[in-house]
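Remarks on the structure that follows.
Just so it is clear, none of the values below were taken in a lab; they were calculated from the coordinates. As the structure is a computational prediction, the values presented were derived from the model and not from experiment. Using ideal geometry, Cβ is built from the backbone for each residue, glycine included, and neighbour counts are taken over all protein chains shown.
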Amino acid sequence: MRHEAATGRPGHRVGAARVLRELLRPVVIPRYALPAMADLWSDQARYATWVRVELLAAQAQARLGRVPEDAVADMRRARVPSAARVSAIERERDHEVLSFLAAWCEDIPDESARWVHLGMTSYDLVDTALGYTLGRATDLLMAAARRLRRVLVDKSIEHWDTVCIGRTHGVHAEPTTFGHTLARFAFAVDRSLRRLRAARAAVAVGTISGAVGTYALIDPAVERHVCDELGLGIEPAPSQVIARDRHAELVAAVANMGACIEQIALELRLLQRTEVSEVEEHRTIAYQGSSAMPHKRNPTTSERLCGLSRLLRGYAASMLENVSLWHERDLAHSSVERVALPDSLMVGHYQATMAARLIETLRVFPDRMRAGIHRTKGLVFSSAVLTDLLEDGMEREKAYRIVQAAANRTVTSTEDFAAALRREGIDIGPLRPERFLRNHDVIRIRLESLRELDD
């Protein structure tokens, strides 16, 4: 069944929105798109999914006796239309779904093509296919997040006893371990996975219910067959579209995971400062950090991960704006989704994958970490000294003032903390960082539980 369509004749005017979509394909720039995820969002992949939805709907209609079996067989033999052909027809029709149907029907005999899309509206096709694609994309993202969780757990246990200084307000506080720091991040990623699982369930739904969602021209059994075959839930009270709070939930979950990864990357950036130098990103022999300063070894991967999280937060805000639509639907959400949905999933997938690689290959310098504890001449042991004085029976205010006075003298003189305390009549003897880690393994036991997870 051939449909006449303009394919770019001279003087043909293409709408500004169409030109923009041609220029800004629904794929994030290749630099931040990994192949497995990017492939899901190509135009050709979308049309292949649309064909699958149409075929499943036609099969269900045939079971109900509304569509001839021969017509379904003809549809099944038809090729998925090329993205180029759909685009060419759309220049004339300015409607992507109608252009797709016209392109597909070019490969279907006329007597069978008339049964295509029977009783359906455009968004029965678009949203059901979108739910399927979002489910697959979220599965890829969760696989990357699970790998990141495993890498964090493994690296945390490897460095469970690597003592370092803990910092609050950016200031030395008390000793901790690098393994403990990584454990915090492992649990954050685990929480992100829980949010993604819930969001996947919310977004992997479909609807085949007609123009305003009333099933007026199509049997609900068609919807059930299509969604069951695609592994989708069903929108319980459709309008013409799937409710957009579902999509907002998913992108918010991706942005939340991005923020957790940003926290990891920010910590590593801070630890790579020249004044600290406790960790370093993996560098190849060919690495060049600056066009002007050959000595530079910049934390560029960590910085990139931090920057990408800003994109994800922006997409989350845009998707929240998409929730409110006029009456049974409008089309204001569509242009936003063409960018925000594929880009947020691709950016999140790239970010989780690169974060795992960063942690897995990270260089850690335990000697520098231990040396950093003593940079403040013993001040980080002030809370241990205070606790000892209180346990020995000293009144709290007096004990606090004695320790604080010794600490202030240490800051303003060349004396170390132990010497300053002796001036106050307190002899503390040697203090070691391990003093602060007596009950530390309770956290490791909790961390070990994450090793059992492989959801």
Margin query: Can you find, among P236, A73, Y287, the residue sitting farthest towards the positive end of the charge dipole of the chain, where Lys and Arg contribute +1 and Asp and Glu -1 at Cβ?
Written below: Y287
Notebook entry, point to check: Candidates [x] 101, 51, 37; [y] 90, 59, 43; [z] 63, 52, 45; which is the computed Cα extents along the principal axes in Å?
Noted result: [x]
Item checked: Charge dipole (the range 379-430, unit charges on Cβ, about Cα centre) - positive-most of F417, V385, I428 -> F417
Margin query: Need one number: nm distance between label points at T361 and D70, each 7 Å from Cα along Cα→Cβ, rounded to one decimal.
Written below: 6.1
Next item on the list: Under a cut-off of 16 Å between alpha-carbon atoms, report the lysines in cross-link reach of K398, not counting same-chain residues fewer than 8 places apart.
Entry: none
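Only four residue types carry charge here, +1 at the Cβ of Lys and Arg and -1 at the Cβ of Asp and Glu. Report the dipole size of the chain about the Cα centre in Debye, rounded to the nearest 20.
Using Cβ point charges on Lys, Arg, Asp and Glu, the chain gives about 1340 debye.
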Notebook entry, point to check: Which loop-located GluC sites (Glu not before Pro) does the range 102-202 contain, where loop means any DSSP state but H, G, I, E or B and the Cβ has at most 14 other Cβ atoms within 10 Å?
Noted result: none
Notebook entry, point to check: Expressed as a rounded percentage, what relative contact order does the range 370-455 have, with Cα pairs under 8 Å and six or more residues apart?
Noted result: 26
Check: What number, in percent, do you get for the relative contact order of the chain if the mean sequence gap of Cα pairs under 8 Å and at least 6 apart is divided by its residue count?
Finding: 18
Note to self: Using only DSSP helix segments of four residues or longer, with each worth -39500 (n - 2.57), what per-residue ellipticity at 222 nm results for the chain after dividing by its residue count and rounding to 500?
What the structure shows: -19500 deg cm²/dmol
Next item on the list: Could you please report the charge total around N298, scoring K, R as +1 and D, E as -1 over all other residues with beta-carbon less than 14 angstrom from its beta-carbon?
Entry: +3
